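What follows is a single structure, written as structure tokens, with notes after it.
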Amino acid sequence: MKKELSKYDILIHGLEDKSHEFEFEGTDAFFKEFDQDIVEGGSFKAKAILEKSPTLIRLNMDITSRLRLQCDRSLDIFEEEFHSREMHIFKFGSEAAEMSDDLEVIPFGTHKINIANLLFDYILLQVPMKKLHPRFRSDDIPEEGALIYKDPEFTEEKQEEIQDPRWAALINLKNKN
């Protein structure tokens, strides 16, 4: 494993069955370790509370990140702050398996877990699909190139005339009830 990502190892072998607290930080170097084009860079701080029991490990994470993103409209780089609380469960079993997004089986006797991929996934899940610079988020400003036109001839009666005749019988049933 790369040196940058090894900073996110948690040694679980020998930990007592109780709650433990860990803190992690990451910078641009963290995001460069992953093959992705969503985040240009940034930083984050994560507080992880690990609750260990004989059969499982519950990991509660509180993540605050400040990411550099590229606007999908203007291609300008801007910074955005995100905050999330996540939980992941590691259950001890005979062999490693990923059961769901938040449940993973790890073999008995595992010495350490690395949470770099979890942190990366949880941070990226906070980024919206459409990344807009804050100056484009106002509701008062119409989108660039948006054409706003209302036909004065268009009425509800004309809408009904245009409607697909195959649906007419269903609409009549709906109107009777």
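When a/c reaches 1.5 or more, the comparison of a/b and b/c decides; with that in mind, is the range 3-136 rounded, prolate or oblate per its Cα gyration tensor?
prolate
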Whole Å is fine, so just give me how far the alpha carbon centre of the range 97-135 lies from that of the range 25-66.
8
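Over 22 Å between Cα atoms: which of Lys3/Lys91; Lys7/Lys112; Lys47/Lys112; Lys2/Lys52; Lys91/Lys112 fall into that group?
Lys3/Lys91; Lys2/Lys52
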If R0 = 25 Å, then Phe92 and Thr27, at their Cβ-Cβ distance, give a FRET efficiency to the nearest 0.05 of 0.15
By how many nm would the segment from Lys7 to Arg73 lengthen if fully extended, with 0.36 nm per residue of separation less the alpha-carbon distance?
20.2 nm
Work out how much length Lys130 to Asn114 would gain on full extension: take 0.36 nm times their residue separation and subtract the Cα-Cα distance, in nm to one decimal.
2.8 nm
Within 10 Å of each candidate Cβ there may be at most 12 other Cβ atoms; applying that plus a DSSP loop requirement, which GluC sites (Glu not before Pro) in the range 15-49 survive?
Glu16
Chymotrypsin sites (Phe, Trp or Tyr not before Pro) within the range 38-124: DSSP coil, no more than 16 neighbouring Cβ in 10 Å:
Phe108
Just to check, using Stokes-Einstein with a Kirkwood Rh over alpha carbon pairs, what's the diffusion coefficient of the range 60-126 at 37 °C and 0.692 mPa s in µm²/s?
233
Tell me, in nm to one decimal, what length is gained between Arg137 and Ser53 on full extension, where the rule is 0.36 nm per residue of separation less the Cα-Cα distance?
25.6 nm
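Coordinate-derived values only; no laboratory data. This structure is a prediction, so every number in the text was calculated from the model and none was measured. A quick note on method: Cβ atoms are made from the backbone with ideal geometry, for glycine too, and the neighbour counts reach across all protein chains shown.
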